[in-house]
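Down below is the structure, laid out as structure tokens.
The values are calculated or read from the model by the stated rules, or taken from the named source; none is laboratory data. Keep in mind the model is a prediction, meaning the values are calculated, not measured. We place every Cβ from the backbone using ideal geometry, glycine too, and count neighbours over all the protein chains shown. In case anyone asks, the SASA skips ligands and DNA or RNA and just uses the protein heavy atoms, side chains included. Shrake-Rupley method; radii C 1.70, N 1.55, O 1.52, S 1.80 Å.
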Amino acid sequence: MTDLSTSAEQTVAAGADFIAIDGPAGSGKSSVSKAVARALGFGYLDTGSAYRALAWHVIDRGADTADADAVLAAASDFPVRLGLDPDDRTVQVGDVDVTEAIREPRVSDAVSGVARVAEVREQVNRLFRRLVADAPYPAVVVEGRDITTVVAPDAPVRILLTAAPEVRAARRAGELAGENADAVAAALHRRDASDSTVVDFLNAADGVEVVDSTELDFPQTIDAVLTVIERLRGAQHG
């Protein structure tokens, strides 16, 4: 695991390949990315967990997540620890295990406010690059919002995983047992609208492969992503 407090150091050259996967909420990027990492023996990095942990940290300090200065102050003293094992998703802030807490609605509602602060994104992005640079894996599947365009624009594999909005909403509702489907859909659309003011994760940049899972089930989506990875890595290393 790596502390964000060390991420201000100069970024080192990546030792492992980036497998960069972007996509909107409900596209399946987290579950698909974990499955792909397991299948290939790669590391896995859920970048959203870092932002969720930071939102939790700001809230825990009693600060306002809508206050950019308060968020920056919290980010300057943010001992987050993230692992790369796809089967161990533990997230810690200092000595506190926040793995479950960062999925609470109060944190989910605050994430966009934290993530839209440009200086914070720059700092957190350095952490992501450092994690991959130090990874004991041949490659790391890194998923988020701007991995293909900002964090690793030169990655050998860049994929936008997407699906129709109504499909994404239905999938997210299915993940949240007991939640009202309409409320879940409304929250998802609000999150998309808010996050899209910071980064375009709905349209593929030049050179980014699109995998549209609207008509695909989970195994088919995994296979589609694996096919892209194998083709592009084969071209790179062949």
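Residues VAL210, VAL71 ordered from highest to lowest accessible area at a 1.4 Å probe: VAL210, VAL71. Binning all Cα-Cα separations of segment 4-162 at 10 Å, short to long from zero, yields these whole-percent fractions: 11, 42, 37, 9, 0. Rounded to the nearest whole Hz, the Karplus-based 3J(HN,Hα) values (6.51 cos²θ - 1.76 cosθ + 1.60, θ = phi - 60°) of segment 37-48 follow the sequence 4, 4, 5, 9, x, 9, x, 9, 10, 8, 5, x, with x at glycine and proline. Between ASP109 and ASP217, full extension at 0.36 nm per residue minus the direct alpha carbon distance yields a gain of 36.0 nm.
Note on ALA118 and ALA164: the model spin-label points, each 7 Å out from Cα along the C-beta direction, lie 3.8 nm apart. With θ taken as phi - 60° and the Karplus curve 6.51 cos²θ - 1.76 cosθ + 1.60 applied, the whole-hertz 3J(HN,Hα) list for segment 154-168 is 9, 4, x, 10, 10, 10, 9, 9, 9, 6, 4, x, 5, 5, 4 Hz, x standing for glycine and proline. Electrostatic bookkeeping for ILE229 treats Lys and Arg as +1 and Asp and Glu as -1; over the other residues with beta carbon under 12 Å from its beta carbon, the sum is -1.
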